[in-house]
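The values are calculated or read from the model by the stated rules, or taken from the named source; none is laboratory data. Just so we're clear, the structure is a prediction, and the values are computed from it rather than from any experiment. Glycine also receives a Cβ, built like all others from the backbone with ideal geometry; neighbour counts cover every protein chain displayed.
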Amino acid sequence: MDCVQPFIFNPKTCQCQCGIVLNCIAPFVANYTACKCQCGTALNCVTPYIPNYDLCNCQCGVSLICPPPQIFNQRACKCQCPYTDFPIACLAPFYYDTTACRCLCGLSTTKCLPPFFVDTTSCRCQCKQNVDCAPQYYFNTVTCGCVPCLSGMICASTTGSGTAALP
């Protein structure tokens, strides 16, 4: 009788049997019927992980296309920001957004009363617009409007970027 390698013919049993000694390393065990080392433990994987009996471990069972700038982390089996091994610290009122992978302004759009709005770059309440002020008035960014120059003040400009100063 012809046997396929690595099996050999055993004349005592008239059957093919494993012709090699299997030196398996845990968690693998010898299976002489199949003539190979195989996973010797039941793999109870939790979704989205699936059993891989060839490697005797649980592996990610999905492959996702992640929205940029996120990348797919095979070990974590999910989309996440690159460089998540290092905690990202944002100065308040900014916070780290795990979808955008960057610091974002944490102020609510309702935090600023009109005519102010939340400037997401500086994360502060800013004037909605600078306006041209009449002569002897200047634009005050605190009140977000034109205010008269007081006597003794020099109005440097009457445009929205104008300032007033004492001589």
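At a glance:
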item	result
Check on T99, within 30 Å of C127 (Cα to Cα) and either basic (K, R) or not in a strand (DSSP E or B) (or both)	yes
Which numbered condition Y49 fails, given (1) under 30 Å from A30 (Cβ atoms); (2) surrounded by fewer than 15 Cβ atoms within 10 Å (Cβ to Cβ)	(2)
Total residues in segment 93-117, condition of a type outside the set (S, T, Y) and over 25 Å from P68 (Cα atoms)	7
Output for segment 3-42, where each listed residue is within 13 Å of D54 (Cα to Cα) and aromatic (F, W, Y)	F28
Checking F117 against (1) under 30 Å from C155 (Cβ atoms); (2) loosely packed, with under 15 Cβ neighbours inside 10 Å, the condition it does not meet	(2)
Unique match (being within 18 Å of the chain's Cα centre (by Cα) and among the acidic types (D, E)) among D85, D54	D85
Test for C56: is it over 30 Å from C18 (Cβ atoms), in contact (Cβ under 8 Å) with a residue 12 or more places away in the chain, surrounded by 11 or more Cβ atoms within 10 Å (Cβ to Cβ) and not assigned by TED's automatic domain parsing to the domain that holds G19	no
Matching option when the condition is at pLDDT 95 or above, of a type in the set (V, I, T) and more than 15 Å from the chain's Cα centre (by Cα), among V21, V29, V62	V29
